[in-house]
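Notes for the one structure printed next.
The values are calculated or read from the model by the stated rules, or taken from the named source; none is laboratory data. Bear in mind that the values here come from a model prediction, so they are computed numbers and not experimental data. Here Cβ is always computed from backbone atoms with ideal geometry, including for glycine, and neighbour counts include all displayed protein chains. Areas reflect the complete protein model, heavy atoms only, side chains present, ligands, DNA and RNA absent. Shrake-Rupley method; radii C 1.70, N 1.55, O 1.52, S 1.80 Å.
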Amino acid sequence: MSTRFDPAGSRRAFLRFLAGSPLAAVAAEQVDPVISSPGDALNVFDFEAAARQKLPPAHFGYIATGVDDDATLRANREGFARYQIRPRRLVDVSHIDTSIRLLGAASSSPIVLDPAGSQRAFHPDGEVAVARAARSKPHLLILSTASNSSVEEVNAARGEPVWFQLYAASDWNVSRAMVKRAEAAGCPVLVLTVDQIAATNRETLRRFERQDKRQCSLCHNRSTLQSSVQRKPMFDGLDLKGVRLQPTNVTWDYVRRLKDTTAMKLVIKGILTREDAELAVKHGADAVICSNHGGRADETGRSTIESLPEVLEGAAGRIPVLVDGGFRRGTDVFKALALGAAAVAVARPYLWGLGAFGSDGVEAVLEILSRELQLAMRYAGTPAIGQITREHVVDRAR
């Protein structure tokens, strides 16, 4: 008598075997529960699960999303595997100095807080809570155009003026008004974001929104710019009729116009190629940020850490190059500094901390990243940031 192989039955039997296996019990015990306080976190990833548990699905989805298949989002993390650290021994690393100088100013850390809009979606205190946490180290903070708090409020919470990030507006008068307001508030640096110029295909966000059963139309009326920025005080008092943000016709002439408008230093955020880094220098940028908007703009499939070397080549030491995108560990920060970055910016990790525990969560995230960076510096034999060089990393692709 012949027997017929039943793949479905075999799979069920195998699953029953796994369920009854002692290995399954061990695995279950090894799954960490969601942390209940910032002090419980072992690394910044622990804050992601805590934020997801506390935030409405759509709000967490806004943090989590990339675009299309999230390939660039994943590439930002995977790109770090390309580089390996070369440790050095018998170096006195009893004291670690993480201070840097950036655009003429001193900072105690090379870890910068990237701009992120609408932070009251993650905690009632929003950007003010983040500014308080940034003050504790302190860390440099860049405030988003789409902030739920005014630049004046954030400066007061931070204890000194922050950098201000600008999205270009189709009406120059709107852009100019925000620039002048930031300048009057004492902001020393203007950060022009150029890597998002049109609508984006954020499929992961859409999937999270489908899970959210709340009525959100009052908060998210995107029919016009005027209606969509009702809770964004940097737009207060401006005539926004017919105005669009991030228009598709912005060119390098816009950079020149900004340079002629403000005494603030100008940083261009969103540079990924040698050619654009060269043009940024040519048009008077004081620094650039190698950034792909955290994988939230165009789906290039290429990480920022892998783009960094050619951006540095284009800058050719004439202006500082910062970098963001996928930084989650102190070793990630170390690798970027070794490649030549002047500083590293993060967003998602501190937003996880904000969503999970407010200002205390942000402060804990920054403390973990700082502690990990110092540990990496000790094992690499580099007691100061300036001693981290290209010789401290190996490119596996070569």
Residue separation between residue 37 and residue 199 times 0.36 nm, minus their alpha-carbon distance, gives in nm 54.6 nm
Kirkwood hydrodynamic radius for the chain: how many Å is it when counted over pairs of different Cα atoms?
22.4 Å
What residues from region 178-196 fall in the zone where the backbone N is under 12 Å from a label point 7 Å along the Cα-to-C-beta line of residue 105?
183, 185-191
Relative contact order (percent, whole number), region 313-398, Cα cutoff 8 Å, 6+ residue spacing
31 percent
Between residue 236 and residue 397, the FRET efficiency computed from the C-beta separation at R0 = 51 Å comes out, to the nearest 0.05, as 0.55
Once fully extended, how much extra length lies between residue 207 and residue 313, figured as 0.36 nm per residue of separation less the alpha-carbon to alpha-carbon distance?
34.2 nm
Using Cα pairs under 8 angstrom and six or more residues apart, how large is the relative contact order of the chain, in percent?
26 percent
Can you spot the aspartates and glutamates whose alpha carbon is less than 15 Å from residue 265's alpha carbon? Ignore those fewer than 8 places along the same chain.
183, 286
Stokes-Einstein, Kirkwood over Cα pairs, region 33-111, 20 °C, 1.002 mPa s; D in µm²/s equals 126 µm²/s
Heavy-atom surface of the chain, accessible at 1.4 Å and reported per residue (Å²):
48 Å²
May I ask you to give the percent of accessible area on region 306-373 that is carbon plus sulfur, with a probe radius of 1.4 Å?
44 percent
On the accessible surface of region 145-249, probed at 1.4 Å with all protein chains in place, carbon and sulfur together account for a percent value of 47 percent
Check the straight Cα-Cα distances from residue 137 and name the aspartates and glutamates below 17 Å, setting aside those fewer than 8 residues away within the same chain.
97, 114, 127, 160, 360, 363, 367, 372
Please give the peptides 83-95, 256-268 ranked by average Cβ packing (other Cβ atoms within 10 Å per residue), highest first, as a rough proxy for protection.
256-268, 83-95
Highest-first arrangement of 241-253, 179-191, 106-118, where packing means the average Cβ count within 10 Å:
106-118, 179-191, 241-253
Given a cut-off of 25 Å, name the pairs among 54/335; 241/269; 180/232; 54/241 whose C-alpha atoms lie farther apart than that in the structure shown.
54/335; 241/269; 54/241
What FRET efficiency do you get for residue 256 and residue 69 if R0 is 41 Å and r is their Cβ-Cβ distance, rounded to the nearest 0.05?
0.65
